[in-house]
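Visitor: Here it is, the structure, as structure tokens.
The values are calculated or read from the model by the stated rules, or taken from the named source; none is laboratory data. Keep in mind that this is a model prediction, so the values were computed, not measured. Using ideal geometry, Cβ is built from the backbone for each residue, glycine included, and neighbour counts are taken over all protein chains shown. To get the accessible areas, we keep the full protein, side chains included, count just its heavy atoms, and leave off ligands, DNA and RNA. Shrake-Rupley method; radii C 1.70, N 1.55, O 1.52, S 1.80 Å.
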Amino acid sequence: MSDSKHSGERVELPAAARSGTVCTASDYDGMYARSLDDSDSFWAEQAQRIDWVAEPTKVADWSFDPVAISWFTGGTLNICHNAVDRHVAAGNGARTALIFEPDDPDGTVRKISYAKLQRDVITMANTLKKMGVSKGDRVTIYMPMVPEGAMAMLACARIGAVHSVIFGGFSPEAIAGRIVDCRSDWVITADEGRRGGKPIALKKNVDEALDKVPNRGVLVFRNTGCPVTMVEGRDHWFHELSQDVPDDCPCEPMAAEDPLFILYTSGSTGKPKGVLHTTGGYAVWTETTFRFVFDYRENEVFWCTADIGWVTGHSYIVYGPLLNGATALMFEGVPNWPDHDRFWQVIDKHQVNIFYTAPTAIRALMREGNDHVTRHDLSSLRLLGSVGEPINPEAWRWYHDTVGKGAIPIVDTWWQTETGGVMITTLPGAHDMKPGSAGKPFFGICPQLVDGEGAVLEGEAEGNLCITRSWPGQARTLYGDHDRFVQTYFSTYPGKYFTGDGCRRDDDGYYWITGRVDDVINVSGHRMGTAEVESALVLHPKVSEAAVVGFPHDIKGQGIYCYVTLNAGEEAGDALTAELRQWVRKEIGPIATPDELHFTPALPKTRSGKIMRRILRKIAENEFASLGDISTLADPAVVEALVAGRKAR
Ligand code: PRX
């Protein structure tokens with residue numbers, strides 16, 4: 001272990017990790033160079049691990065100015081065939097594809113082989129067809145973390161329908177907004193979900209959403225068996241509609257650039273963005289990143305703790321692992337129920353080899369003490385992963401020393417919904433680690449740091465993180481709004497993809513993500529647009545104005561801090577605080593619940609009326625000494641009142 005002021009602490013890769021790896025340090029250097037210098041042949045080679053119905057005639061075909069991105073043009077394929085059928089055809093049907101660990105530790109574990117997965121996906125695909133779904137239709141999936149959620153995605157992909165998975169924690173309003181945005185006529189849901197011992201009223205939320213936006217059909221799984229209302233002609237029980245469907249269903253051949261899925265994520269403006277991924281590039285990217293980043297070895301158990309409602313679940317519970325013929329664990333529960341040892345107990349129970357989770361979970365579990373970890377046998381673990389937000393070195397240390405017993409590598413993987421898969425990480429058999437740094441660019445990735453004016457920063461530097469070349473898994477557009485796609489990602493620094501993240505590169509060429517530089521905050525590894533929370537707050541009849549910023553939070557990474565001004569005559573107080581928290585939960589969902597509500601008679605504004613967020617951020621962070629220039633404010637006294645209010649909290 002060495003220490004350097006500029007390049008951070010270096011934790012050497014254990015010798016055992018370097019042997020038998022898919023990619024050594026020198027492999028990485030050669031492959032990375034080739035992935036840029038001879039990009040087409042590099043990606044054509046990776047693409048050979050995919051079964052194509054028709055081989056691509058061109059590998060990369062893209063421009064960032066104007067923005068048009070295509071990969072594997074001329075190729076046709078079906079990702080469900082690649083994730084499921086081909087493994088069965090190759091004689092691996094008996095291999096376990098999914099292990100389901102239920103919320104309740106005493107509940108029933110399910111082990112689903114590739115052959116069973118194929119049969120179940122075929123049944124579901126034919127049921128969707130029977131309901132009326134056809135190629136190109138958008139299908140909303142609002143499911144609990146049960147295998148049927150993954151099967152629903154695969155069934156859509158099989159018949160060429162475009163899935164739009166909505167995280168089970170989102171509200172009816174959020175569901176309705178997403179259904180309208182992508183004009184989705186179909187919903188797949190379940191009666192109810194469970195998490196941490198509590199029920200989640202999925203079907204009821206769908207019903208409320210569909211009161212606003214009528215739909216053609218809803219396919220409902222019986223999960224907990226709770227009573228639900230079924231709307232005649234619209235709602236179908238899966239177990240009824242699936243009776244008598246045929247037991248074969250050919251995989252629809254899709255053009256490489258045919259849409260595979262839409263996934264909504266937050267941006268700087270109020271309206272969520274429907275990030276669109278297409279079939280061929282995403283398949284190659286998730287297959288390749290999974291293979292190299294997790295160095296997956298046959299028969300290992302891989303566990304990614306994300307929900308399938310997030311991109312991490314799409315790429316590393318469903319597509320990446322299954323494309324590799326891996327065994328993926330799907331967990332319905334939460335890390336701290338019934339007790340704080342649930343993760344460690346599951347690792348022991350299922351002999352998990354690769355464990356991939358988020359810093360927020362690590363921090364929360366670290367706080368509960370080591371006994372929860374040490375009372376379980378974690379010796380099956382070979383590799384640990386982190387994703388979603390920067391991991392603070394203290395949490396990294398604990399993860400490494402207490403969970404990994406100091407003996408196994410950690411991959412800290414930086415990526416985004418828009419990138420489809422991992423972009424910056426160390427590779428587990430190739431690179432030493434640095435706590436807090438994601439590491440090196442993955443194959444084909446060309447990161448660039450620029451200053452506020454767009455000047456390129458070379459060598460050791462800190463700036464805004466851009467990517468200068470396309471990669472196969474890149475989002476192609478925002479559904480139905482290509483202008484917004486161009487505007488959001490390619491207009492700040494024309495000709496480059498701007499990630500929205502700040503970043504430092506050290507003298508070893510390691511990248512250190514410093515967090516978002518736009519009005520997006522990262523709450524427990526989930527992206528939240530401050531504008532979304534503001535829009536929700538101002539919908540409340542008593543609220544006049546709201547400004548929302550992030551502030552440091554021990555567990556969540558960032559918490560949600562809301563400054564609120566009320567309409568004349570309205571009284572601030574505990575009751576209204578509770579009411580507004582509840583209001584935002586209802587509008588967006590529990591993940592958007594404000595941590596702090598700060599009532600103020602006025603917000604700091606420039607003379608032209610623009611809210612000075614920089615100042616609000618500093619006050620929320622308790623950084624009163626560095627408020628910067630406040631002379632341009634219309635009324636500088638507002639700041640004093642806000643500081644006093646913050647100190648009093
Ligand atoms: O700010 C970065 C942070 O999460 C953002 C992407 O969020 P989302 O699209 O929801 O995808 C999350 C899972 C891929 C990024 O812009 N982020 C993600 N991973 C890391 C990270 N920040 C630092 N280190 C990471 N490993």
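Visitor: Please find, within segment 397-449, the residue that is most open to solvent (accessible area, probe 1.4 Å) out of those that are within 30 Å of Thr488 (Cα to Cα) and away from the ligand (no atom under 16 Å from the Cβ).
Guide: Among those residues, the one meeting the criterion is Cys446.
Visitor: Given the conditions (1) surrounded by fewer than 16 Cβ atoms within 10 Å (Cβ to Cβ); (2) assigned to a strand (DSSP E or B); (3) among the charged types (D, E, K, R), and given that Glu579 satisfies all but one, which numbered condition is not satisfied?
Guide: Only one criterion in (1) surrounded by fewer than 16 Cβ atoms within 10 Å (Cβ to Cβ); (2) assigned to a strand (DSSP E or B); (3) among the charged types (D, E, K, R) is unmet by Glu579, namely (2).
Visitor: I would also like to ask the following. Name the residue, out of Glu368, Glu332, that is open to solvent by 20 Å² or more (accessible area, probe 1.4 Å), away from the ligand (no atom under 14 Å from the Cβ) and not assigned by the TED database to the domain that holds Pro102.
Guide: Glu368
Visitor: Cβ contacts < 9 Å: first residue under 15 Å from Phe355 (Cα atoms) and of a type in the set (A, V, I, L, M, F, W, C), restricted to segment 401-430; second residue near the ligand (Cβ under 8 Å from one of its atoms) and open to solvent by 10 Å² or more (accessible area, probe 1.4 Å), any location; separation 6+ or different chain. Result?
Guide: Short answer, once both residue conditions are applied: Val411/Val387.
Visitor: Could you list all residues from segment 169-197 that are closer than 23 Å to Thr123 by Cβ and either of a type in the set (Ser, Thr, Tyr) or at pLDDT below 95 (or both)?
Guide: Within segment 169-197, Ser184, Thr189 qualify.
Visitor: So which residues in segment 611-642 are open to solvent by less than 20 Å² (accessible area, probe 1.4 Å) and part of a helix (DSSP H, G or I), if there are any at all?
Guide: Ile615, Leu616, Ile619, Ala620, Val638, Val639, Leu642 - these are the residues of segment 611-642 that are open to solvent by less than 20 Å² (accessible area, probe 1.4 Å) and part of a helix (DSSP H, G or I).
Visitor: Still on this structure, please answer the following. Filter segment 250-267 down to residues that are within 16 Å of the ligand (Cβ to nearest atom) and in contact with a Cys (Cβ under 9 Å, 6 or more places away or on another chain) and give me whichever is farthest from Val59 (Cα to Cα).
Guide: In the first step, residues of segment 250-267 are kept if they are within 16 Å of the ligand (Cβ to nearest atom); the result is 261-267.
So of that shortlist, the ones also in contact with a Cys (Cβ under 9 Å, 6 or more places away or on another chain) come out as 261-262, 264.
Values: Phe261: 21, Ile262: 23, Tyr264: 28 Å.
Among residues in segment 250-267 that are within 16 Å of the ligand (Cβ to nearest atom) and in contact with a Cys (Cβ under 9 Å, 6 or more places away or on another chain), the one farthest from Val59 (Cα to Cα) is Tyr264.
Visitor: With respect to the numbered conditions (1) closer than 24 Å to Lys271 by Cβ; (2) open to solvent by 10 Å² or more (accessible area, probe 1.4 Å); (3) of a type outside the set (D, E, K, R), which one is the sole condition not fulfilled by Gly459?
Guide: Looking at each condition in turn, Gly459 falls short on (1).
Visitor: Here's something else I'd like to know. For segment 501-518, does any single residue satisfy the condition of being open to solvent by less than 20 Å² (accessible area, probe 1.4 Å) and either without any contact (Cβ under 8 Å) to a residue 24 or more places away in the chain or over 22 Å from Ser7 (Cβ atoms) (or both)?
Guide: No.
Visitor: Same structure, new question: From the residues in segment 289-306 that are among the polar types (S, T, N, Q) and within 16 Å of the ligand (Cβ to nearest atom), which one is surrounded by the fewest Cβ atoms within 10 Å (Cβ to Cβ)? Steps first, answer last, please.
Guide: Start the filter on segment 289-306 by keeping residues that are among the polar types (S, T, N, Q), which leaves 289, 299, 305.
Narrowing the set further to residues that are within 16 Å of the ligand (Cβ to nearest atom) leaves 289, 305.
Values: Thr289: 27, Thr305: 23.
My answer is Thr305.
Visitor: Quick one: what pairs do we get from segment 365-391, first residue over 16 Å from Ala306 (Cβ atoms), second of a type in the set (Gly, Ala, Ser) and within 16 Å of the ligand (Cβ to nearest atom), C-beta under 8 Å, 6+ apart or different chains?
Guide: Correct list of pairs: Met366/Ala395; Pro390/Gly436; Pro390/Gly515; Pro390/Gly557.
Visitor: From the residues in segment 372-388 that are open to solvent by less than 20 Å² (accessible area, probe 1.4 Å) and part of a loop (DSSP other than H, G, I, E, B), which one is farthest from the ligand (Cβ to nearest atom)? Even if it seems obvious, please write down each step before you answer.
Guide: Of the residues in segment 372-388, the ones open to solvent by less than 20 Å² (accessible area, probe 1.4 Å) are 373, 378, 380-381, 383-387.
Now restrict to residues that are part of a loop (DSSP other than H, G, I, E, B): 378, 380-381.
Numbers: Leu378: 22, Ser380: 24, Leu381: 19 Å.
Here the answer is Ser380.
Visitor: Can you spot a residue in segment 629-642 that is in contact (Cβ under 8 Å) with a residue 40 or more places away in the chain and farther than 20 Å from His553 by Cβ?
Guide: yes
Visitor: Does any residue in segment 249-263 that is free of Cβ contacts under 8 Å to residues at least 12 places away in the same chain come within less than 6 Å, Cβ to Cβ, of a residue that is buried (at least 24 other Cβ atoms within 10 Å of the Cβ) six or more places away or on a different chain, and which pairs are these?
Guide: Within 6 Å, no pair qualifies.
Visitor: Please work out which one of (1) outside any helix (DSSP H, G or I); (2) out of contact with any Ser or Thr (no Cβ under 8 Å at 6 or more places or on another chain); (3) open to solvent by 10 Å² or more (accessible area, probe 1.4 Å); (4) within 13 Å of the ligand (Cβ to nearest atom) is the condition Gly309 fails and give its number.
Guide: With respect to (1) outside any helix (DSSP H, G or I); (2) out of contact with any Ser or Thr (no Cβ under 8 Å at 6 or more places or on another chain); (3) open to solvent by 10 Å² or more (accessible area, probe 1.4 Å); (4) within 13 Å of the ligand (Cβ to nearest atom), Gly309 is out only on (3).
Visitor: For segment 516-523, state whether one or more residues are of a type in the set (Val, Ile, Thr) and more than 16 Å from the ligand (Cβ to nearest atom).
Guide: So in segment 516-523, the residues of a type in the set (Val, Ile, Thr) come out as 517, 520-521, 523.
From the residues that got through so far, the ones that are more than 16 Å from the ligand (Cβ to nearest atom) too are none.
Scanning segment 516-523 turns up no residue that is of a type in the set (Val, Ile, Thr) and more than 16 Å from the ligand (Cβ to nearest atom).
Visitor: Does Gly495 count as more than 15 Å from the ligand (Cβ to nearest atom), closer than 27 Å to Pro272 by Cβ and surrounded by fewer than 21 Cβ atoms within 10 Å (Cβ to Cβ)? I'd like the intermediate steps shown before the answer.
Guide: Numbers: more than 15 Å from the ligand (Cβ to nearest atom): yes; closer than 27 Å to Pro272 by Cβ: yes; surrounded by fewer than 21 Cβ atoms within 10 Å (Cβ to Cβ): yes.
In short, yes.
Visitor: Being in contact with a helix residue (DSSP H, G or I) (Cβ under 8 Å, 6 or more places away or on another chain), within 16 Å of the ligand (Cβ to nearest atom) and not hydroxyl-bearing (Ser, Thr, Tyr) is true for just one of Glu532, Glu545. Which residue is that?
Guide: After applying the criteria, what remains is Glu532.
Visitor: Which count do you get for residues in segment 347-357 that are within 16 Å of the ligand (Cβ to nearest atom) and surrounded by fewer than 24 Cβ atoms within 10 Å (Cβ to Cβ)?
Guide: Total meeting the criteria: 2.
Visitor: Restricting to segment 208-264, give me the number of residues that are over 19 Å from Leu128 (Cα atoms) and assigned to a helix (DSSP H, G or I).
Guide: 4
Visitor: While we're here: Does segment 271-282 contain at least one residue that is open to solvent by 10 Å² or more (accessible area, probe 1.4 Å) and in a helix (DSSP H, G or I)?
Guide: no
Visitor: Give the residues of segment 333-371 that are in a helix (DSSP H, G or I) and either out of contact with any helix residue (DSSP H, G or I) (no Cβ under 8 Å at 6 or more places or on another chain) or of a type in the set (Val, Ile, Thr) (or both), sorted by residue number.
Guide: Selection gives Arg342, Gln345, Val346, Ile347, Asp348, Lys349, His350, Thr360, Ile362, Ala364, Asp371.
Visitor: Could you tell me whether Val59 is surrounded by 16 or more Cβ atoms within 10 Å (Cβ to Cβ) and under 30 Å from Met254 (Cα atoms)? So that I can check it myself, show each step before the final result.
Guide: Values: surrounded by 16 or more Cβ atoms within 10 Å (Cβ to Cβ): yes; under 30 Å from Met254 (Cα atoms): yes.
Judged against the criteria, Val59 is a match.
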